[in-house]
Amino acid sequence: MAVRAKLRGAISGFGEVAARAHLPGWRTRENVAIGAIHDPVSERRHDAIRLIKNVRVYDDLELMLDGEAPDFVDVASPPGLHHGAARAALAAGAHVLVEKPLALTLSEFDELAALAAEKRRVLMCVHNWKYAPAYMAARKAIEAGRLGAVRFVSIDRLRTAPAGAGGSGGKWRSSAASGGGILIDHGWHVFYLMNWLLGGDAPVSISARLESPASADVDDVADLRIRFESGALSRVHLSWRAPVRRTSALIYGERASLEIEGDRVLLTDRAGKVDDLSVADMADDSYHSAWFGGVAEEFELAVTEGTDSPIAKRNVAEARVALMLMEAARKSSINGGVEIKLS
């Protein structure tokens, strides 16, 4: 049997999420080799040299693309840089995986999607919460029909501060120019997660209240209501002002409800019978390296299948839904929380 050549990968942006989540995730893939790193910050290039044997580092993305001609580029820079880096990588003929958000506007997204189609390259976004064991258990229960038709989804993300507060990660999350704010940082995850849990059910409207601290130009609280095509409703609350860290969800259908609190997953049916579906997972942190291994596997398979891969198509569809909801949420909040219909 012929041995398949390894995919030669490069990472653009070697901050905390790349070093602590992406790199360990890529190392779980036997047929992937990360050989080059791009980052304009010398300290991060030094980190890459320390962590990756024989790696080549660059301070200029175009030089890396020209000199390495990688099979794929993993874009892990701050959100404000995603569009430019992804566009350059696609133009150079590389497949591209982008940390969330894939883009900051629908026009940017559509440009990247069109370029990926033109170049016949896979374009995907890091939707790692789909690999959180608790939400995988929830999806399995929903698919098995244990909840019946889902009628309501509620997700809370409470944090005491932005991830990486005091470091470089906290800096970009607190800057609108860099693509910061809780709606981007946490809302994107919630949007694709709901779309996935509901089996691709399309959102039809959203109302939102976004709040910002007096000294900042980004939102640190988001309270959202979303209606879906099936009639299902959802409620989302995201906060960097909470006194405790908490990640929880409530999903109910006509037959049963499902409660998620960290790794604890409880299904309660109409008769009051409780089924404990709790899972074992790594400690809840901001990087979730174990989950990125699932993302890496999915991306590798999509590249093998090609641009018509169902995996890639589904991922891009989820990303577009997330971006539509993000833009509409901002419009709703600016107009006092009115319901905004999605086209």
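Determine the alpha carbon to alpha carbon distance for each of Lys6/Lys130; Lys119/Lys313; Lys130/Lys273; Lys6/Lys140; Lys140/Lys341; Lys119/Lys341 and list only those over 24 Å. Please list the in-between numbers first.
Working: Lys6/Lys130 26 Å; Lys119/Lys313 15 Å; Lys130/Lys273 27 Å; Lys6/Lys140 32 Å; Lys140/Lys341 30 Å; Lys119/Lys341 34 Å.
Violating the 24 Å Cα-Cα cut-off are Lys6/Lys130; Lys130/Lys273; Lys6/Lys140; Lys140/Lys341; Lys119/Lys341.
What net charge do the residues around Ile334 carry, taking every other residue with its C-beta under 15 Å from that of Ile334, with Lys and Arg at +1 and Asp and Glu at -1?
Within the 15 Å Cβ shell, the charges total -3.
For an R0 of 41 angstrom, estimate the FRET efficiency from the Cβ-Cβ distance between Arg255 and Leu342 and round to the nearest 0.05. Provide the component values of the computation, followed by the final result.
Values: r = 29 Å, r/R0 = 0.70.
The pair Arg255/Leu342 has a calculated efficiency of 0.90.
If you average 1/r over all unlike Cα pairs in region 21-146 and invert the result, what Kirkwood radius do you get in angstrom?
Values: mean 1/r = 0.0624 Å⁻¹.
Computed over Cα pairs of region 21-146, the Kirkwood hydrodynamic radius comes out at 16.0 Å.
Leaving ligands, DNA and RNA out of it, work out the accessible area of Asp263 with a 1.4 Å probe and give it in Å² to the nearest 10.
60 Å²
Modelling each spin label as a point 7 Å along the Cα-to-Cβ direction, I'd like the Ser215/Asn54 distance in nm, to one decimal.
5.0 nm
Distances longer than 21 Å among the Cα atoms of region 194-315: what percent of all pairs is that?
Details: 4540 of 7381 pairs.
In whole percent, the share of Cα-Cα pairs in region 194-315 beyond 21 Å is 62.
Taking the Cβ-Cβ separation of Asn31 and Ala117 as r and a Förster radius of 22 Å, what is the calculated FRET efficiency to the nearest 0.05?
Values: r = 25 Å, r/R0 = 1.15.
The formula returns an efficiency of 0.30 here.
Test of understanding: what is the full-extension gain from Arg246 to Thr307, defined as 0.36 nm times their sequence separation minus their Cα-Cα distance?
Working: separation 61, 0.36 × 61 = 21.96 nm, distance 3.78 nm.
Contour length minus Cα-Cα distance gives 18.2 nm.
Tell me, which longest segment in the chain has none of the GluC sites (Glu not before Pro) that fall in DSSP loops with at most 14 further Cβ atoms within 10 Å? Each step should come with its number before you reach the end.
Numbers: sites that count: Glu30, Glu229, Glu254.
That would be 31-228.
If you project the alpha carbons of the chain onto their three principal axes, what span does each projection cover, largest first, in Å?
Result, largest extent first: 62, 57, 38 Å.
Expressed as a whole percentage, what fraction of the accessible surface of the chain belongs to carbon and sulfur atoms when a 1.4 Å probe is rolled over the protein heavy atoms? Can you show the working numbers first?
On the way: 7750 of 15150 Å².
Of all accessible area on the chain, carbon and sulfur atoms account for 51 percent.
Using label points projected 7 Å from each Cα along Cα→Cβ, tell me how many nm separate Ala149 and Ser107, to one decimal.
For Ala149 paired with Ser107, the spin-label model returns 4.0 nm.
The values are calculated or read from the model by the stated rules, or taken from the named source; none is laboratory data. Please read all numbers here as calculations on a predicted model, not as lab measurements. In this analysis, Cβ positions are derived from the backbone assuming ideal geometry, glycine residues included, and neighbour counts consider all displayed protein chains. Calculation scope for accessible area: heavy atoms of the full protein, side chains included, ligands and nucleic acids excluded. Shrake-Rupley method; radii C 1.70, N 1.55, O 1.52, S 1.80 Å.
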